[in-house]
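Worksheet for the structure shown next.
The values are calculated or read from the model by the stated rules, or taken from the named source; none is laboratory data. Just so we're clear, the structure is a prediction, and the values are computed from it rather than from any experiment. Neighbour counts are summed over all protein chains in view; Cβ atoms, including those assigned to glycine, are modelled from backbone coordinates with ideal geometry.
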Amino acid sequence: MPSGEGPAMWPSALQSLSRGVLQLLYPAHCLLCDQGIPEGSPYSSLCSTCLLSLASDASETCPGCAATLGAFVSPGQGCPACSLHVFHFDAAVRLGVYRDEMRGAILKMKSPTGDGLAEVMGTVFARTRQADLSRHPWNVVVPIPLHWRHRMIRGHNQAEEMARGIATECGVPCQTNWLRRTRPVVQHEQPSARARWDNIRGAFATTRHASLAGATVLLTDDVMTTGSTLSEAAKVLKAAGAKRVIAATLARRERLNVSER
C-alpha cells in the first residue's frame, strides 16, 4: 500500500465525500439572485456575478467623507460635502454607491431574514477595502445602533451584522453594546439635508459597558447620505474617550432625492 493511503486517510476522504454529497443534495445559492454557487467559490453565499457588481467600485473618493470626487478634484483638495459640514469622524471608507445592485442588497439586508446577508456584506467590505482600512489602524468595531423599538420590529440591526462580518474577517473585537439610541429617529423622512443634521442631534449615548479611552473605532453603518448619523455617533464616541473614529459604510448616496433636498 503506498505511503499515506492507510486508515489514517479515511476520515479525510469520508469528509470530502460527505461535503460532495451535501453539495449535490443542497447546493449553495446566492443570497441576492438565488443562482447556484459552485463549490470552491470565495464566498459561499454570493455568486461571482453579484460579488462583482457589489465590489467593483473603482471611483476616486474623498478620504474624509467617502463621496465620489469629480474628474478634476484630487483627494487632497477635499470635496463639496466636506466644505459644507464638519464631520466628527476622522476618515470614511465605502464599498460602493447606493444604486442598482448595491441598493437592492441593502434593502434585502433590512428585511426580517436579511441578517445573514448583512454579515456577508461586512466580510466583502473587509476583504475589498483592506488596503483603505489599513491606512487607518483601528482596534474595535462599533455599529450604529437601532432604537430598541425599531430593533424589535425588524428583528435585527443590519449595521450590527455588518460589523460582525468585518470584525470576524479582521480578527478584532466587535462591541455592539457600547453605543445606544436615546430616542427613535427616522432620517429618510426628513425634508432636507439640514433637517437630517438637526434631527439626529442628541440621538446617541455611550453605555456603561463602553471602554473607549484611547480607542480607534471603526464605526459601521449600511448607508451614508449626508454623514449626519455617523458624525453624531462619532462625536459621542470621542466625548467618551475615543482617540479616532473611522466611518465604514457599504454605500454612499451621491445626491439626495428631490423629496430630501
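Some points to look at:
- Scanning the range 86-103 for residues that are surrounded by fewer than 17 Cβ atoms within 10 Å (Cβ to Cβ) and not acidic (Asp, Glu) returns Val86, Arg99, Arg103.
- Of all residues in the range 207-218, at least one satisfies being more than 16 Å from the chain's Cα centre (by Cα), in the same structural domain as Pro137 (by TED's automatic domain parsing) and charged (D, E, K, R).
- Scanning the range 63-82 turns up no residue that is closer than 30 Å to Thr182 by Cβ, assigned by TED's automatic domain parsing to the domain that holds Thr168 and loosely packed, with under 15 Cβ neighbours inside 10 Å.
- Selection of first residues in the range 100-123 that are among the charged types (D, E, K, R) and of second residues that are exposed (fewer than 15 other Cβ atoms within 10 Å of the Cβ), restricted to Cβ pairs under 8 Å at least 6 apart or on distinct chains, gives the following pairs, ordered by first then second residue: Asp115/Gly155.
- Only residues that are among the polar types (S, T, N, Q), surrounded by fewer than 17 Cβ atoms within 10 Å (Cβ to Cβ) and within 20 Å of Leu212 (Cβ to Cβ) were counted across the range 157-185, and they come to 2.
- Scope the range 156-206; condition hydroxyl-bearing (Ser, Thr, Tyr), more than 22 Å from Ile106 (Cα to Cα) and modelled with pLDDT of 95 or more; matching residues: Thr206
- Test: residue in the range 247-259 that is outside any loop (DSSP other than H, G, I, E, B), at pLDDT 95 or above and more than 30 Å from Ser53 (Cα to Cα): no
- Restricted to the range 82-188, the set of strands (runs of 3 or more DSSP E) holding at least 2 residues that are among the small types (Gly, Ala, Ser) comprises 91-97.
To keep it simple, each residue is scored yes or no on (1) within 17 Å of the chain's Cα centre (by Cα); (2) hydrophobic (A, V, I, L, M, F, W, C).
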| position | (1), (2) |
| --- | --- |
| His136 | yes, no |
| Pro143 | yes, no |
| His147 | no, no |
| Arg151 | no, no |
| Arg154 | no, no |
| Asn157 | yes, no |
| Ala163 | yes, yes |
| Gly171 | yes, no |
| Ala203 | no, yes |
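Here's the yes/no breakdown for (1) within 25 Å of Leu133 (Cβ to Cβ); (2) at pLDDT below 90:
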site: Gln35; (1), (2): no, yes
site: Glu39; (1), (2): no, yes
site: Leu54; (1), (2): yes, no
site: Leu69; (1), (2): yes, yes
site: Gly76; (1), (2): yes, yes
site: Val86; (1), (2): yes, yes
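- The conditions of being modelled with pLDDT of 95 or more and out of contact with any Gly (no Cβ under 8 Å at 6 or more places or on another chain) are met by Arg129.
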